[in-house]
1. Rounded to the nearest 20 debye, what is the charge dipole size of chain A about its Cα centre when +1 sits on each Lys and Arg Cβ and -1 on each Asp and Glu Cβ?
2. Any chance you could get the radius of gyration and Dmax over the Cα atoms of the stretch A:24-471, in Å?
3. Label-point separation (nm) for A:K260 and A:E394, each offset 7 Å from Cα along Cα-to-Cβ?
4. Can you put A:V354, A:V430 in order of Cβ neighbours within 10 angstrom, beginning with the fewest?
5. Based on Cβ point charges of +1 for Lys and Arg and -1 for Asp and Glu, what charge dipole magnitude is obtained for the stretch B:4-105 about its Cα centre, in debye rounded to the nearest 20?
6. Counting other C-beta atoms within 10 Å, and keeping those with at most 16, which DSSP coil GluC sites (Glu not before Pro) do you find in the stretch A:397-474?
7. Along the charge dipole of chain A, which of A:S390, A:Q339, A:Y149 sits closest to the positive end, that is, farthest toward it, with unit charges on the beta carbon of Lys, Arg, Asp and Glu (+1, +1, -1, -1)?
8. Taking only C-alpha pairs under 8 Å that are 6+ residues apart, what is the relative contact order of chain A in percent?
Amino acid sequence: MAGHRPLFHNPKNKTGHRPGQDDRTDMATQISQGQAFQDRVSQRQPLTPEQQQLLAEGSLADTAIQARPREFYAAMRHGDPIHYDAKLGSWLVTRHEDISAVQSDPVTFSVQHGYSEQQARGMRDEFEAYLREHGGGYFPDAIMSDPPYHTRVRKLMERAFTAHRVKELEPRITEVVRGVIAEAVAKGGGQCDAVKDIAIPLTIRVIVEQLGLDHGMEAQISRWSVAVTAQIGAMQTRETMLENAAQIAELQQYLIARMKACEENPGEDMISDLVHAEVTNADGTTEKLTFAEAVSLVRATLIAGNDTTATAIGNLFHVLATRPGMADLLESVVDDERQLNRFIEEHLRSAPPVRALSRMTTREVTVNGTTIPAHAHMLLVYGSGNDDESVFPEPRAFDITRPNLGRHVAFGGGPHRCIGLALARMEVKVAAREIVRQMRDIRFAIPESDIRYTRSVATHTIESLPITFEKRVG
Amino acid sequence: MGNLTVTMTDAEGGTHTFSDVEEGVSLMELGRRNGVAGIMGDCGGGCACATCHVYVDERWWDKVGAPDDVEFAMLDMVADVMKDTSRLGCQVRMSPQLDGLAVTVAPASGY
C-alpha cells in the first residue's frame, strides 16, 4: 500500500540490545538494573466469607466466571494475589506490581514454555502431528520465545510498528474504517452486528493491506484467527482442537503459497519484507530468517493484530450501549486528539481485550511470598492488574483524566510488551471517531444476558453483538 | 566507538558519564545498553510505551528541542511524572550538537 516502507533498513545496526539477552555483559546489565527477580511481599487483605468461598470453589475454567470474572479477580487480588487455580492447573498472578515484576524477568518466567504448553493443552502432540501432515509443517512462534533468540526476532519486527509509522498510516486506516462502518450503516433498518459487520472486517482489512494479502477474504481470515487465538487460552475439546488445527493448516497453506510468490516477486508489503529479512546477531553478523520462522511471523502478524483489536472495538460498542454517559463522553472528546487518546487508553485499561497471558517458571521462584515450583504454568491476569485499586483508584470508574493511564497492562509489559500496540491504539481510535460520526443512540438488539463470550481465559471476546442505532446525518 | 559525551542520572540517583557515544545512538539505546536504572525501552524505540522517559537538563533544552505530537501523546500517558523538559529517550539521537548532554531518568509513573 501507499506509504509502506521496507521494515529492515539497516541490518548492520547493532544498537538496541535488551538487558540480559545477548551476552554475558548484558546479563550483568540485567542484574545491575534490578530486573533479575527479587521478591517483595505485599499485604493480604481480609476476605468476606463469600469471597473465601469463591476462591475455594471457583476457577477461571468455569464459563460463568470467564464471562464475568471481576469478583473472582478481586477476591484473588485482595486475599491471595498469587492464587493456584487447581482446576486450571495454573498460578494466577493478579496484582499489578507482581505482574510488572514477572514480566520484567523473561528468563525466570518463560514465554516460550508458557505459550507452547498452553497450545492445545493436553493434546499438543496430536496438534503438532496434524499440522506437520496437513499444514505444511509445524512452525513454532518465533516471537513467542525467550531471550536471547527473542531479542533478535523482536528487533526485526519492531520497525514495522513504531508510533510514527502508524501515524503515517492514519489517513489510509481512516478511509478503510469509514468504508466498513458506512457499509454496515447502508444495510439499512438501523441495525447490524457490531462485531461481525464492523469490528472483525475492519481490523482484518487493515492487516490485509499491510501484509499485501487478497481482499474479500474476511470471513476466512476471521475463522483462521479464531482458531489460532484459541491456542493461547481457549478451553478446547479434542473435537474443537482438531477443527482448529484444520483451520490453521489451511491458513498455513495459504500463507506459504503467498510467501513463495513474494520470494520470487517481492512487493511493497510486509510479507515480502519478512521473506527477505535478516536478523542481526549480538556480534553484528547477520542471518536470514529461516522459511519456518518467516511463516510463523507472517502468521503471528496476521492473527495477533486482528482478533484482539476487533475485541477492543466490540467492547467499545458494548460500553457505548451499556454505560450511562459513555456515548456523550466520546462525542465530547472526538475532535480533541489528546482527550480522544486518553479515552482510548482508559477503554483499554477498563476492558482489556487480552485479559491474561501465559508464562512458565524455569526454576522454583517466590513471587510476593508465594513459592511456585519449577516448570509451573502461570497466567498474568491483566484484567485484574488493570483493576488494581492501589494503582488505579476507583478502577471501575471510567476516568480519562487519570494521570498514570500509561501504567495499564492491557499490552503486557517488559520485553514481550505487545509489538503492535501503536497500530492497535490507532485502529480503535479511528473506529471510535467514525462510530460517532456515522451512528448515534447505539443499543443492544438482544437482551444483555444473551451476549456470548468466547470460552477462553486469555481473551474477553464478544462473539456477536446485534445492535440498533440511528444513522447520523451530516 | 564514538566520541560524544552524555551524562545520565538514573532513577536511583546514580550518575553515569559516557564519553564514547556514537552519533545516531538514541538515549534509550545508550541507557539500556549500559544498564541505567529506569530505562526499559519496552517497545524497542517505537515511541509507543514511555518506558525510556527522561528530563533534559534545562541548559540543553533548546538544542534537544520539544517533542512532536506523537511523542507528546505518549508522554501524556505518564502525566503524573511529566515535566516541561520531558522527552522519550528513544526519540533523542546523539549528534555533535548534543555533545555533553545531561539528562535525568524520570521516575516510573505513580501508583
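Values quoted throughout were computed directly from the atomic coordinates according to the rules given, and no laboratory measurement underlies them. Keep in mind that this is a model prediction, so the values were computed, not measured. Cβ coordinates were reconstructed from backbone atoms using ideal geometry, including for glycine residues, and neighbour counts include every protein chain displayed.
1. Result for chain A is approximately 580 debye, rounded to the nearest 20.
2. Rg, Dmax (Cα atoms, Å): 21.6, 66.
3. Output for this residue pair reads 6.1 nm.
4. Fewest to most other Cβ atoms nearby, the residues stand as A:V430, A:V354.
5. Computed about the Cα centre, the dipole is about 140 debye.
6. A:E463
7. Comparing the listed Cα positions along the dipole, A:Q339 ranks first.
8. 25 percent
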